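All of the numbers you see were taken from the coordinates with simple rules; none came from a lab. Since this is a predicted model, take the numbers as computed values, not measurements. Counting neighbours? That spans all protein chains shown, and the Cβs are built from the backbone with ideal geometry, glycine included.
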Amino acid sequence: MASRFLRSFVFIVILLLVLCSFLVINPPSRAYVDPLTGEYRGEGGFEPSSPANEVEKGALAGGVIMPKLGNETAKAELGRATWRLMHTMTLRYPESPTPDERAALKSYFLLQARLYPCGECAEEFMQLLKKNPPQTSSRKVASLWLCHVHNLVNERLHKPEFDCMTLDATYDCGCGDDPVSSSTSGDGAPAPGMIKGG
Ligand SMILES: Cc1cc2nc3c(=O)[nH]c(=O)nc-3n(C[C@H](O)[C@H](O)[C@H](O)COP(=O)(O)OP(=O)(O)OC[C@H]3O[C@@H](n4cnc5c(N)ncnc54)[C@H](O)[C@@H]3O)c2cc1C
Ligand SMILES: *[C@@H]1O[C@H](CO)[C@@H](O)[C@H](O)[C@H]1NC(C)=O
């Protein structure tokens, strides 16, 4: 009885050892199908990562992509639309952004500088961003930074300086869900004005 038990025990131990060594010699395949592209990544392929958190290395550092935009009317229309988009974005940006959200906003501006459809404007804007890197630590900081940068463009184009204390009133988009001056924390408690008294 005892020797039979001993034999089964030894058999099981050997079986486990064989199984373990099999796993060490042939680790489970790390191949997978990329959920985004459907591409097959073979053995030794890189781990799936979160593409949303990454910008291709080098994409942020490259030069201006678009050609010169000759048509002055189109240039001005594009400018007004773009400033509108950017100011509205910074004024709806979180008051307490996460590191990921901060990286996203910074990348946005750097990529916009590269991809802006008026090439000669983009060259100037890239130089401007080098001297005035995007500030992303809060809604207030980001929107005042952008207002300052817009004023620097105004100055170069001999346009009047904008009073950044009136940002709130100018860009309240009436979007409904969350007034520009309110907290984004979700508790519904009104916060002090973003600029005024904030
Ligand atoms: C990144 C970028 C680079 C550009 N570079 C050039 C260039 O090199 N050459 C060129 O000819 N044009 C350039 N433009 C376009 C130019 O800035 C203007 O958009 C365009 O000339 C139209 O001017 P605008 O007088 O209608 O007012 P815009 O400057 O377009 O402003 C639109 C409105 O925003 C408000 N505003 C003005 N200043 C501010 C501020 N500081 N903060 C918040 N709100 C403000 C005002 O109500 C204004 O009427 C550029 C635009 C952008 C976005
Ligand atoms: C310049 O752009 C404006 C606005 O996009 C357009 O209406 C106009 O026809 C353009 N002019 C020329 C000469 O292409």
- Task: Counting only C-alpha contacts under 8 Å and six or more residues apart, can you give the relative contact order of the stretch 66-171 as a whole percent?
- Result: 34 percent
- Item | Candidate lysines for bridging to Lys130, where Cα separation is under 17 Å - those fewer than 8 sequence places away on the same chain excluded | Lys106
- Listing Trp83, Trp145 from the residue with the fewest other Cβ atoms within 10 Å to the one with the most, what is the order? Trp83, Trp145
- Task: Based on the mean of other Cβ atoms within 10 Å per residue, sort peptides 154-161, 72-79, 111-118 so the most packed one is first.
- Result: 111-118, 72-79, 154-161
- Taking K and R as +1 and D and E as -1, what net charge do the other residues with C-beta under 12 Å from the C-beta of Ala122 add up to? 0
- Task: List the lysines whose Cα lies under 16 Å from the Cα of Lys75, skipping any in the same chain that are fewer than 8 positions away.
- Result: Lys159
